[in-house]
Structure formats: C-alpha cells, structure tokens
Amino acid sequence: VQLVESGGGLVQAGGSLRLSCAASGRTFSRYIMGWFRQAPGKEREFVAAVSWSEGDTHYADSVKGRFTISRDNAKNTVYLQMDSLKPEDTAVYYCARRTVGSFAVVPGGYDYWGQGTQVTVST
C-alpha cells in the first residue's frame with residue numbers, strides 16, 4: 001500500500017490550499033481515510049477523517065468550518081480542502097489509512113501513512 005500526498009506549499013493567511021492523497025490498492029473504498037499534521041516540536045495531531053462511503057466525516061475542533069475532507073473512490077484519492085488558513089496551520093500534513101471500520105483520532109489507529117507534504121501559512 002502506498003499513500004502519496006501532494007498540494008502543499010506556501011500561502012498567505014486567509015488563503016486556501018487543496019491537498020490530495022493518492023492511494024494504491026484495489027480496496028481503497030473499504031477504508032477510513034484520515035489527515036494528520038505535525039508542526040515542528042509538536043506531536044502529530046488529528047485533522048480530519050472520512051468514512052469509506054463519504055457519508056460520515058469527523059474534524060478536529062481547530063479546523064472545523066474551515067477544512068473539508070472528501071474522497072473519490074473511483075480515483076483512489078482523498079482530498080483536504082483548506083480555507084481561511086492561519087499561521088498556526090503550518091505543519092507537515094500526512095494522510096493515513098485505517099483498516100478498522102470506526103473513526104479514530106490518534107495516529108496509532110492508522111496502519112499506513114504517506115510521506116507528508118509541507119504547508120506553510122505566512123502572516
């Protein structure tokens with residue numbers, strides 16, 4: 001299984017970015033997919049997750065109302081639309097796959113990870 005993130009970059013505060021995570025494997029649609037982030041000197045933290053059917057989503061309070069997670073099972077891709085970005089959103093963003101069918105907000109609940117993509121929000 002490979003997860004490859006893209007779409008990171010440098011953006012001014014208030015701007016938007018759209019992250020993508022392309023996954024290998026024929027059973028992509030059966031897994032919960034999540035996004036996490038890790039800022040320098042901080043622990044990796046949960047950002048958002050989406051169920052296999054996209055019927056259920058879950059967000060960290062810090063991004064609720066600003067970020068939107070979605071997935072396209074036909075393209076084996078999960079997205080994170082990030083709007084109204086703040087400097088505190090600066091971090092490396094990782095996508096991850098969870099095998100069990102319930103949401104999890106801790107990194108240990110996910111079994112495969114991408115390499116990460118850097119998001120930097122300037123003031």
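Some observations on this one:
- When a 1.4 Å probe is rolled over the protein heavy atoms, the share of accessible surface on segment 1-121 that falls to carbon and sulfur comes to 48 percent.
- Cβ charges +1 (Lys, Arg) and -1 (Asp, Glu), total dipole of the chain, debye: 220
- Loop-exposed trypsin sites (Lys or Arg not before Pro) per DSSP, neighbour cap 15 Cβ within 10 angstrom, longest uninterrupted part of the chain: 67-123
- Averaged per residue, the chain has 51 square angstrom of accessible surface, using a 1.4 angstrom probe with ligands and nucleic acids left out.
- Which of TYR31, ILE69, GLY14, positive extreme of dipole for segment 1-119 (C-beta unit charges): TYR31
The values are calculated or read from the model by the stated rules, or taken from the named source; none is laboratory data. What you are looking at is a predicted structure, and each value in this text was computed from that prediction instead of being measured. Note that we place each Cβ from the backbone using ideal geometry, even for glycine, and neighbour counts take in every protein chain shown. Just so you know, the surface numbers come from the protein's heavy atoms only, side chains and all, with ligands and any DNA or RNA stripped out. Shrake-Rupley method; radii C 1.70, N 1.55, O 1.52, S 1.80 Å.
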